[in-house]
Amino acid sequence: MRTESRLEKILAAGHLAVTSECGPPRGALPDKVREKGKHLEGIVDAVNVTDNQTAMVRMSSLAASVLLKQEGLNPLFQMVTRDRNRLAMQADIIGAYSLGIDTMLCLSGDHTKFGDHPMAMNVHDIDSIQLIQMVKGMRDEGKFQGGAELKNPPRMFIGAAANPFADPFELRVLRLAKKIAAGADFIQTQCIFNVDKFEKWMEQVCARGLHKKCYILAGVTPIKSLGAARYMKTKVPGMDVPQEIVDRMASVPKEKQAEEGVTICVETIERLKKVEGVAGFHIMAIDWEEKVKEIVERAGLLPRPQV
Amino acid sequence: MITAERKPLEELIEYLKPFKRVLLVGCNECVTVCAAGGRKEVGLLASGLHMAMLKSGTNVEIREHTLERQCDPEYVNELVSMIDGVDAVMSMACGCGVQEIARRFKDKPVFPAVNTKFMGASERQGVWSERCQGCGDCLLGQTGGVCPIARCAKQLMNGPCGGSTGGHCEIGDDVDCAWALIWERLKALGQEERFVEITPAKDWRPGGGAGPRKIIREDLAE
C-alpha cells in the first residue's frame, strides 16, 4: 500500500470501487456540504470534492473536503492547476494531508472563459501531468517541487482524469500512459454515454497493459431530462452523447425522464462491469446526490465492502 | 512581429483635450506591418482626431512624424528638433516605443494611441494571431514547431486537455487546438515518440518570473 486511503484499500482488495462527487456551494454554507454528504454516506468509497468547477467560485475544495471528513466520509480532494501556482498547490496539499485527507485528483480545470470570472488570469504554472509528478515527488521522495526537503511527506493516493471521447482519439491512450508514467495511481474518466467508443479505448489501454499499472474508474452520469441530454450533447466540450440516448430520453413523457436517466445510468454500469480493465465507477450526479444511492443499489454495488 | 490595434478615438480624444499642439509619432516597424501605427495610420488618425475634436469645439494642432524604429534611442533622437514646439506626444508604436519616448523626453507627456497585443504572425491578409509568449526557453524543437505555451489556452505542456474537439480548442471553434496541430506535425515528421516523453514543470525565470528581463551582449555592449 502506498497510502492509508480507503479508496486504495478497496481497489487493492479487488473490489469494484464506487466514488461520487460533491460540488461545494457558492457561499459560506457548510450545512449544504453536510447535506450533500448525507446522501452519500455508506454509499460510496470516496467523494470527489470539486475545485471551483466550471470555473465558478465556490467554497474551496479543501474546506469542503474537511467538512465531509468531519462527517465521516472519505473526501477525494480535487485540485486544478488553473487557479494557483506550485507554491500555493503544495501548501494546500500538505495542509490537506495534515487535516486527514489522503486521496486527491489532479486536473487542469475548465477554462475561465466558461465561468463567472472570465476576466481572471489562468495561472497554469504547471499542467495536470506535472501536478501528478509533483505530488508523487512530495510523497515518494519527500521533496518539494523546488527540490528542498519536505518533512513528514503527504501520503496521497494520486488520481487523474481521462477523457476517452476528446480528440485526437489516438492521443487519448498515449496521454493516459503519460499520466500513469507521471505517477497516477488511479483514473476517473469523463462521463461515458458512448460505451462502444469507451470499449475501443479500453481495448487499447489493456493492450498496453495500462490497466495493470493503474486503477481505472469508469465515469457515469444520470441524465435528469431531455434538455440536459441535448445540452451535454451539443454544448459541453469533449462530451460524447450518442443520438440514441437523446432519442430514448425523448421517448418518455417529461415526468418520467429523470427515471429513464437513472435507468440508462444503471444499464451503463452493468455493461461497463463486463469491460476488461474497469476497476470501479465514478458516479457524477451533478446536484443530484440524492439519486446516487438508488443507482448504486440497482447496479448491485451495495453494501460497500468493509476494508 | 509585435502586433497592435488602435485604441478607440474617444479614449484618444480624452488624452489630448488639455493640449493645443500634439506630435503624433508613428513607427516604421511592426506596427506598420500590422497596419496599426505606420505612416499611413498616422495620417489617418491625425485628420480623424482633428475633425472629431473640432466638432466638439477644440482646435488641436496635430503634427505628424514617423520614425524608422521607435524603440531605438538613435531614431527617437530625431524628435529633438520637433519636441519643443508641442505640448504632448501621442505614440502609435507598441509599448516599447511609447516608453522610449517617455524616457528620452522627461518633461513631455506621452500617450499611447494603440494597444500592444502580442507577438504573432499574419495568418492571411488582415488577420494576425499569437505565436510566441517569449518564455525565454524555446521548446519548439520538441513540439514540432507549434508552441503550446502561446497557443494552448491552458498552456498544457504534455498533450491536449479533455476539451479538444475536431481540432478546435474548448474555448471556441475559431481557435485551433495547439496539441492537435502539434500531433499532426509530429506524425508528418515521423516523430510521434516525442509526445511520449513527459515535459517537466517549466522554469519560468527566463519567461519573466525572475523580474523584468534584460539581455546584455558583452561583445556588443559599450
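The values are calculated or read from the model by the stated rules, or taken from the named source; none is laboratory data. All of these numbers come straight from a predicted model, not from anything done at the bench. A quick note on method: Cβ atoms are made from the backbone with ideal geometry, for glycine too, and the neighbour counts reach across all protein chains shown. The accessibility values were calculated without ligands, DNA or RNA, using every heavy atom of the protein model including side chains. Shrake-Rupley method; radii C 1.70, N 1.55, O 1.52, S 1.80 Å.
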Between helix A:195-207 and chain A: long-axis angle, C-alpha atoms, 0 to 90°, nearest 10: 40 degrees
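Evaluate Rg over Rh across the protein assembly as shown, taking Cα atoms for both radii and Kirkwood's formula for Rh. Intermediate values should be presented prior to the final figure.
Working: Rg = 28.1 Å, Rh = 26.2 Å.
Expressed as Rg/Rh, it is 1.07.
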Ignoring ligands, DNA and RNA and using a 1.4 Å probe, state the total buried accessible area between B and A in Å², rounded to the nearest 100. 2500 Å²
Each residue of segment A:77-90 in order: what ³J(HN,Hα) in whole Hz does its phi give by Karplus 6.51 cos²θ - 1.76 cosθ + 1.60, θ = phi - 60°, with x for Gly and Pro? 6, 8, 9, 9, 8, 6, 9, 8, 8, 5, 5, 5, 5, 5
Top to bottom by accessible area (1.4 Å), largest first, where do A:296, B:110 land? B:110, A:296
Put +1 on the Cβ of every Lys and Arg and -1 on every Asp and Glu Cβ in the protein assembly as shown; which of B:111, A:264, B:58 then has its Cα farthest towards the positive end of the dipole? A:264
For the protein assembly as shown, share of DSSP beta bridges that run antiparallel, in % to the nearest 5: 20 percent
List, in order, the whole-Hz ³J(HN,Hα) value for each residue of segment A:286-293 obtained from phi through the Karplus relation with A = 6.51, B = -1.76, C = 1.60 and θ = phi - 60°; use x for Gly and Pro. 5, 6, 8, 4, 5, 8, 4, 4
Measuring with a 1.4 Å probe in the full set of protein chains, what accessible area per residue, in whole Å², belongs to the protein assembly as shown? 46 Å²
Please return the longest range in chain B lying between exposed loop sites, taking trypsin sites (Lys or Arg not before Pro), DSSP loop only, at most 15 other beta-carbon atoms within 10 Å, and leaving the sites out. B:107-212
Probe radius 1.4 Å, ligands and nucleic acids ignored: give me the carbon and sulfur share of the accessible area of segment A:6-298 as a rounded percent. 52 percent
Rounded to a whole number, what % of the accessible area of segment B:133-207 do carbon and sulfur atoms account for, probe 1.4 Å? 50 percent
Go through segment B:52-62 residue by residue and turn each phi into a ³J(HN,Hα) via Karplus (6.51, -1.76, 1.60, θ = phi - 60°); whole Hz please, and just put x for glycine and proline. 4, 6, 4, 4, 8, x, 10, 9, 10, 8, 10
Beyond a 23 Å Cα-Cα separation, which of these cross-linked pairs lie in this structure: A:178/B:154; A:233/A:256; A:69/A:212; A:235/B:117; A:254/A:291; A:178/A:224? A:69/A:212; A:235/B:117; A:178/A:224
Search the structure for amide H atoms under 5 Å from the amide H of residue B:66, placed 1.01 Å from N in the peptide plane, and list their residues when 5 or more places away or on another chain. B:26
5 Å is the cut-off here: which amide hydrogens, built 1.01 Å from N in the peptide plane, fall below it relative to residue A:280, excluding neighbours closer than 5 in sequence? A:17, A:218
May I ask for the angle, rounded to the nearest 10°, between helix B:178-188 and the longest principal axis of chain B, with both axes built from Cα atoms and the value confined to 0 to 90°? 60 degrees
For a quick check: with amide H placed at 1.01 Å from N, whose amide H comes under 5 Å from residue A:52's, ignoring anything fewer than 5 positions away on the same chain? A:58, A:61
Give the cross-link partners of residue B:55 among the lysines, using a straight C-alpha distance below 26 Å as the criterion and excluding same-chain residues fewer than 8 apart. B:7, B:17, B:20, B:40
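Note down the magnitude of the dipole of the protein assembly as shown about its Cα centre, charges +1 on Lys and Arg C-beta and -1 on Asp and Glu C-beta and zero elsewhere, to the nearest 20 debye. The partial results should precede the final answer.
On the way: 69 positive and 70 negative charges, 102 e Å.
Using only the charged Cβ atoms, the result is roughly 500 debye.
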Working from Cα positions, state the angle (0 to 90°, nearest 10) between the long axis of helix A:257-273 and the longest principal axis of chain A. 60 degrees
Starting from the Cα gyration tensor of segment B:32-94, take the square roots of the eigenvalues, sort them a ≥ b ≥ c, and report rounded, prolate or oblate (rounded when a/c is under 1.5, otherwise prolate if a/b is larger than b/c, else oblate). oblate
State whether segment B:133-207 is rounded, prolate or oblate according to the following rule on the C-alpha gyration tensor (a ≥ b ≥ c being the square roots of its eigenvalues): a/c under 1.5 gives rounded; otherwise a/b larger than b/c gives prolate, and the remaining case gives oblate. oblate
Only four residue types carry charge here, +1 at the Cβ of Lys and Arg and -1 at the Cβ of Asp and Glu. Report the dipole size of segment A:181-307 about the Cα centre in Debye, rounded to the nearest 20. 240 debye
Could you tell me which residue out of A:242, A:299, A:11 lies farthest along the dipole of chain A toward its positive end? Charges go on the beta carbon: Lys and Arg +1, Asp and Glu -1, centred on the Cα centre. A:11
Would you mind counting up the charge near residue B:184? Only other residues with Cβ under 12 Å from its Cβ, with Lys and Arg at +1 and Asp and Glu at -1. -2
Distance in Å, no decimals, from the C-alpha centre of segment B:142-199 to the one of segment A:156-230 is 19 Å
Taking the Cα centre of chain A as the origin and placing charges on Cβ (Lys, Arg +1; Asp, Glu -1), which of A:195, A:148, A:73 is farthest toward the positive end of the dipole? A:148
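What is the mean number of Cβ atoms from other protein chains located within 10 Å of the Cβ atom of each residue in peptide B:146-159, rounded to a whole number? Before the final figure, lay out the partial values.
Details: counts 0, 0, 1, 1, 0, 0, 3, 6, 13, 8, 9, 5, 12, 11.
For peptide B:146-159, the averaged partner shielding equals 5.
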A student applying the Cα gyration tensor rule (rounded when a/c is under 1.5; otherwise prolate if a/b is larger than b/c, oblate if not) would label segment B:1-127 oblate
Separation of segment B:27-85 and segment A:271-292 by C-alpha centroid, Å? 64 Å
Size of charge dipole - segment A:1-99 - debye, nearest 20, with Cβ of Lys, Arg +1 and Asp, Glu -1, no other charges: 180 debye
